Amino acid sequence: MAITNLFTAGGIVMIPLLFFSVLVGALIIERIQFWVKINSRQNRVVQQVLKLYRRDNLVSALDKLKQNTDLPIARIFLAALELEEANPEEFRLALESEAQAEIPLLKRFQNIFDTVISLSPLLGLLGTVLGLITSFASLNLGNIGSTQTTYVTGGISEALVSTAAGLIVAIFTLLFANTFRGLYQRQIALIQEYGGQLELLYRRRYEQGDT
């Protein structure tokens with residue numbers, strides 16, 4: 001069965017399901033680009049910054065961070081390192097505050113994914129109910145085998161197609177949503193790890209009077 005025929009057979013609920021699939025597809029592409037950018041550059045940039053800072057080359061470390069402000073970890077480090085004469089506690093609070101500010105960007109579109117995952121099967125179920133209503137409305141027990149049978153099978157087809165479409169959209173979205181959720185959790189762990197390393201270096205410099 002052609003795609004257009006499937007869309008027609010699925011009934012009116014195929015319209016929002018099509019909208020959801022297009023929307024989710026676009027958001028998934030954006031999130032893939034976002035995470036590829038982070039995972040391909042972040043570790044290298046952080047290691048270079050920590051190495052420069054460990055060698056007391058604060059200016060070069062700041063320049064390196066400013067060149068990579070499109071990375072969340074770079075913005076977090078900058079917010080703390082640009083504080084003037086901050087004690088270790090203030091430095092830690094700056095790291096934590098900026099990390100919290102980055103969370104909405106890291107979790108971007110997660111609510112939309114969750115909504116699509118929840119609504120798509122329900123729309124499919126609605127299509128099932130509407131299809132069955134059509135089938136029963138067309139059923140005439142006195143004329144079984146007549147042309148009205150076409151309307152009955154058409155209604156059942158609508159019910160099955162819409163249900164399958166809703167499940168496909170939900171499953172597809174769920175796979176990527178869970179992948180992005182895992183990347184987010186890993187990123188939070190890395191931010192805590194790298195932030196702890198930077199905080200330790202800063203504390204040592206502060207105790208030595210080099211800040």
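General observations
- Boolean, residue 185 is modelled with pLDDT under 85 and within 30 Å of residue 88 (Cα to Cα): no
- For residue 70, the conditions (1) exposed (fewer than 12 other Cβ atoms within 10 Å of the Cβ); (2) assigned to a helix (DSSP H, G or I) are fulfilled apart from (2).
- When each of 23, 83, 62, 17 is tested for being part of a helix (DSSP H, G or I) and over 30 Å from residue 175 (Cα atoms), the lone residue that passes is 62.
- Against the test of being out of contact with any strand residue (DSSP E or B) (no Cβ under 9 Å at 6 or more places or on another chain), in a helix (DSSP H, G or I) and without any contact (Cβ under 8 Å) to a residue 40 or more places away in the chain, the options 76, 38, 28, 32 yield a single qualifying residue, 32.
Residue by residue, here is whether (1) part of a helix (DSSP H, G or I); (2) at pLDDT 70 or above; (3) closer than 23 Å to residue 24 by Cα holds:
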position: 121; (1), (2), (3): yes, yes, yes
position: 124; (1), (2), (3): yes, yes, yes
position: 130; (1), (2), (3): yes, yes, no
position: 137; (1), (2), (3): yes, no, no
position: 155; (1), (2), (3): yes, no, no
position: 161; (1), (2), (3): yes, yes, yes
position: 170; (1), (2), (3): yes, yes, yes
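- Residue identified as out of contact with any Leu (no Cβ under 9 Å at 6 or more places or on another chain), of a type in the set (A, V, I, L, M, F, W, C) and at pLDDT below 95 among 1, 14: 1
Matching residues to (1) exposed (fewer than 14 other Cβ atoms within 10 Å of the Cβ); (2) in contact with a helix residue (DSSP H, G or I) (Cβ under 8 Å, 6 or more places away or on another chain); (3) acidic (Asp, Glu):
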position	(1), (2), (3)
164	no, yes, no
181	no, yes, no
186	yes, no, no
193	yes, no, yes
199	no, yes, yes
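- Some residue of the range 46-56 being part of a helix (DSSP H, G or I), farther than 21 Å from residue 204 by Cα and not acidic (Asp, Glu): no
The values are calculated or read from the model by the stated rules, or taken from the named source; none is laboratory data. Model, not experiment: these values are computed from the prediction. Using ideal geometry, Cβ is built from the backbone for each residue, glycine included, and neighbour counts are taken over all protein chains shown.
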